[in-house]
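The values are calculated or read from the model by the stated rules, or taken from the named source; none is laboratory data. Nothing here was measured: the structure is a model prediction, and the numbers come from that model. Reconstructed Cβ throughout: ideal geometry from the backbone, glycine too, with neighbour counts over all protein chains shown.
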Amino acid sequence: MADHVIHISEADAASDFAGLLARVRAGAEVVIENGTLPVAVIHAPVPSRRTISECIALLPEDSTAVMDADFAKDVEAAIESHREPLSPPTWE
């Protein structure tokens, strides 16, 4: 989720697009608006995800990690323990 949300007009976005992108790189989400109507949202890309096989390939050769019968339950428990509530942006 973005550090903060910036609402900006189309004209302001066009006049300083490089500055707008710098703010996105710094963690902001930018909502470009035409009057009060949102037209576009710019935010940093979501990082790509690794497959299980890619994760396993990254393990050191001497790793003791195993994919046993409880592996799926372990992964599910890890996900549930770090789940954050969805907080979609609100339109003003």
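The number of residues in region 1-18 being modelled with pLDDT of 90 or more and surrounded by 12 or more Cβ atoms within 10 Å (Cβ to Cβ) comes to 9.
Note on region 20-29: residues that are more than 22 Å from Glu84 (Cβ to Cβ) and surrounded by 11 or more Cβ atoms within 10 Å (Cβ to Cβ) amount to 4. Which of the residues belonging to region 31-89 are touching an Asp or Glu at 6+ places or on another chain (Cβ under 8 Å) and loosely packed, with under 11 Cβ neighbours inside 10 Å? Correct list: Thr36 only. Selection of region 14-25 for residues being more than 22 Å from Val46 (Cα to Cα) and in a helix (DSSP H, G or I) yields Ala14, Ser15.
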